[in-house]
1. If we scan segment 94-107, do we find a residue that is in a helix (DSSP H, G or I), out of contact with any Pro (no Cβ under 7 Å at 6 or more places or on another chain) and charged (D, E, K, R)?
2. Just wondering, is there one or more residues in segment 60-72 that are within 15 Å of residue 128 (Cα to Cα), in a helix (DSSP H, G or I) and not β-branched (Val, Ile, Thr)?
3. Go through segment 121-164 and report how many residues are more than 27 Å from residue 80 (Cα to Cα), part of a helix (DSSP H, G or I) and either at pLDDT below 95 or acidic (Asp, Glu) (or both).
4. From the list 116, 111, pick out the single residue that is among the charged types (D, E, K, R), more than 15 Å from the chain's Cα centre (by Cα) and within 23 Å of residue 78 (Cβ to Cβ).
5. Of all residues in segment 99-143, count the ones that are under 25 Å from residue 61 (Cα atoms) and among the polar types (S, T, N, Q).
6. Do you know which of the residues in segment 52-67 that are out of contact with any Asp or Glu (no Cβ under 8 Å at 6 or more places or on another chain) and buried (at least 16 other Cβ atoms within 10 Å of the Cβ) is farthest from residue 89 (Cα to Cα)?
7. Looking only at segment 136-164, which residues are in contact with a helix residue (DSSP H, G or I) (Cβ under 9 Å, 6 or more places away or on another chain) and of a type outside the set (A, V, I, L, M)?
8. Step by step: first the residues of segment 72-103, then only those that are aliphatic (A, V, I, L, M) and under 15 Å from residue 115 (Cβ atoms), then the one that is surrounded by the fewest Cβ atoms within 10 Å (Cβ to Cβ). Which residue is that?
Amino acid sequence: MSEYRFALLVLSDSRYKNPKDDKIKPIVEDILAVINAKLVEYEIIPDEFELIKNRLIEFSNLENVDAILTSGGTGLYERDVTPQATKEILEYEIPFISQAMLFNSLKYTKRAMLSRMVAGVRNSKLIINLPGSPKAVKENLEYIIEVLPHAVDKLNGDTTPCAT
């Protein structure tokens, strides 16, 4: 595929109230440029389980979206419900994406083990939960970015063996 199309869903009560405070979008756009990808959908919503679930379903049904990134709601607060909402709509998980991000994050802080990131597939669309902190988004997305084109290609029907 020549250009990859991503959606970004930022989940944050505070950023929803003050969208200008969001620093995630420019970080994600810069990192996506490395793989010739662009952000085609972007939204900030509050940490509401049903809303998150519905937006993930809507984004995964869009023809112009290949993959969906979320940022926020992966911690231990009561309103951090992104992983639960994501798991509820996934057809299957890809656990090693989140495990790879955890492995990388532990190099920076032991608190990374408290994150509950999830990755998986719905409607042939890759969905990846990222943390809410701009620093953590940058560290995690930069770590996995090289494998995302291959994953998207596979989900779009590429039958080339993975080992080549």
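The values are calculated or read from the model by the stated rules, or taken from the named source; none is laboratory data. Just so you know, these numbers come straight off a predicted model, no measurement behind them. Note: ideal-geometry Cβ built from the backbone for every residue, glycine included; neighbour counts use all protein chains shown.
1. Taking segment 94-107 and keeping what is in a helix (DSSP H, G or I), we get 95-105.
So of that shortlist, the ones also out of contact with any Pro (no Cβ under 7 Å at 6 or more places or on another chain) come out as 95-105.
From what's left, charged (D, E, K, R): none.
No, that holds for no residue.
2. Here is the first cut: in segment 60-72, the ones within 15 Å of residue 128 (Cα to Cα) are 60, 65-72.
Now restrict to residues that are in a helix (DSSP H, G or I): 60.
Restricting the remaining residues to those that are not β-branched (Val, Ile, Thr) gives 60.
Checked segment 60-72: at least one residue is within 15 Å of residue 128 (Cα to Cα), in a helix (DSSP H, G or I) and not β-branched (Val, Ile, Thr).
3. Of the residues in segment 121-164, 2 are more than 27 Å from residue 80 (Cα to Cα), part of a helix (DSSP H, G or I) and either at pLDDT below 95 or acidic (Asp, Glu) (or both).
4. Numbers: 116 fails: more than 15 Å from the chain's Cα centre (by Cα).
Result: 111 is the single residue among 116, 111 that is among the charged types (D, E, K, R), more than 15 Å from the chain's Cα centre (by Cα) and within 23 Å of residue 78 (Cβ to Cβ).
5. Narrowing segment 99-143 to residues under 25 Å from residue 61 (Cα atoms): 116-132, 137, 141.
In the following step, the residues that additionally are among the polar types (S, T, N, Q) were identified as 123-124, 129.
So the answer is 3.
6. Step one: filter segment 52-67 for residues out of contact with any Asp or Glu (no Cβ under 8 Å at 6 or more places or on another chain), giving 52, 54, 56-58, 60-61, 63, 66-67.
Still in the list and also buried (at least 16 other Cβ atoms within 10 Å of the Cβ): 52, 56, 60, 66-67.
Values: 52: 10, 56: 8, 60: 10, 66: 16, 67: 14 Å.
Taking the candidates together, the pick is 66.
7. As a first pass, look at segment 136-164 and keep what is in contact with a helix residue (DSSP H, G or I) (Cβ under 9 Å, 6 or more places away or on another chain): 136-145, 147-148, 151, 158, 160, 162.
138, 139, 140, 142, 143, 158, 160, 162, listed by residue number.
8. Let us first name the residues in segment 72-103 that are aliphatic (A, V, I, L, M), namely 76, 81, 85, 89-90, 94, 97, 100-102.
Next, from what is left, pick out any that are under 15 Å from residue 115 (Cβ atoms): 76, 81, 97, 100-102.
On the way: 76: 8, 81: 21, 97: 23, 100: 16, 101: 24, 102: 15.
The qualifying residue surrounded by the fewest Cβ atoms within 10 Å (Cβ to Cβ) is 76.
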